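The structure appears below as structure tokens.
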Amino acid sequence: MGKKKLKVVLDTNVILSSLLFGGRLAFIHEAWKERSIILLFSEDTLKELVKVLHYPKFGLEDEEIDFLIYSEVVPYTKLVKETVKVDKEICIDEDDVKFLECAVSGRADYIISGDEDLICVGEIEGIKIITPAELRKLLVVG
């Protein structure tokens with residue numbers, strides 16, 4: 001019997017760091033490509049990723065963005081229909097609510113973030129919000 005794959009929601013910055021810059025977060029990109037984690041996205045979280053990839057500071061052409069989205073992310077993703085609405089008061093930054101709603105709707109195991117505004121929520125409906133370093137420990141030990 002294989003070990004259970006973790007269903008995770010990654011905040012946009014974690015995805016960008018692991019996808020574009022590698023370094024200490026390269027293991028996350030490797031984990032989703034090896035399918036040892038299942039990425040959960042909602043329409044809203046995917047829209048945000050596409051929007052942020054278009055920021056001039058990244059210097060990406062449309063073809064590069066399409067490649068990243070359709071070759072490096074979407075094939076490893078489970079799209080979640082957001083059926084659960086979360087009280088916007090739970091987050092310091094209302095823009096982070098979409099990650100909570102995606103996680104609860106998709107019954108994620110974890111939300112992975114480096115954003116203190118999201119981390120300080122702690123957990124929602126039994127879904128812990130953890131840092132990339134904590135995810136690394138889970139993947140090594142798990």
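Since every read-out is calculated from the coordinates, none of them should be taken as a lab result. Being a predicted model, the structure only gives us computed values, none of them experimental. As a convention, Cβ positions derive from the backbone with ideal geometry for all residues, glycine included, and neighbour counts pool all protein chains shown.
Between E34 and K5, the distance separating the two model label sites (each 7 Å from Cα on the Cα→Cβ line) works out to 1.4 nm.
Couplings for region 38-54, taken from phi via the Karplus curve 6.51 cos²θ - 1.76 cosθ + 1.60 with θ = phi - 60°, read 10, 7, 9, 10, 10, 4, 5, 6, 5, 4, 5, 4, 4, 4, 5, 4, 7 Hz in order; Gly and Pro are left as x. Converting the Cα gyration tensor eigenvalues of region 6-141 into ellipsoid dimensions via √(5λ) gives semi-axes, longest first, of 22, 17, 14 Å. Amide H contacts for K5 (H built 1.01 Å from N in the peptide plane; partners 5 or more residues away or on another chain; cut-off under 5 Å): none found. Counting only aspartates and glutamates at least 8 places from K88 when in the same chain, those with an alpha carbon closer than 20 Å to its own are D11, E43, D44, E48, D96, E101, D115, E116, D117, E123, E125. Specify the residue with the greatest mean-square fluctuation among L39, L20, L60, computed from a Gaussian network of the chain linking alpha-carbon atoms under 10 Å apart. Result for the chain, Cα springs under 10 Å: L60 fluctuates most.
Report, in listed order, any pair from K47/K98; K7/K137; K5/K128; K4/K51 with a Cα-Cα distance greater than 21 Å. Check vs 21 Å cut-off fails for K4/K51. Model label points for I90 and E123, set 7 angstrom from Cα along the Cα-to-Cβ axis, are 1.3 nm apart. In plain terms, the chain from L20 to E63 could stretch by 14.0 nm, reckoned as 0.36 nm per residue minus the Cα-Cα distance. If the segment from N13 to K137 were pulled out straight at 0.36 nm per residue, it would be longer than the present Cα-Cα gap by 42.7 nm. Residues in region 1-42, backbone N under 15 Å from the label point at V74 (7 Å along the Cα-to-beta-carbon vector): list them, ranges by number please. In region 1-42, the label zone of V74 (backbone N under 15 Å from the point 7 Å along Cα→Cβ) covers 41-42.
If neighbour count is taken as other Cβ atoms inside 10 Å, put C120, C91 in order from fewest to most.
C120, C91
Within 10 Å of each candidate Cβ there may be at most 15 other Cβ atoms; applying that plus a DSSP loop requirement, which GluC sites (Glu not before Pro) in region 58-125 survive? Taking region 58-125 and a limit of 15 other Cβ atoms within 10 Å, the loop GluC sites (Glu not before Pro) found are E61, E125.
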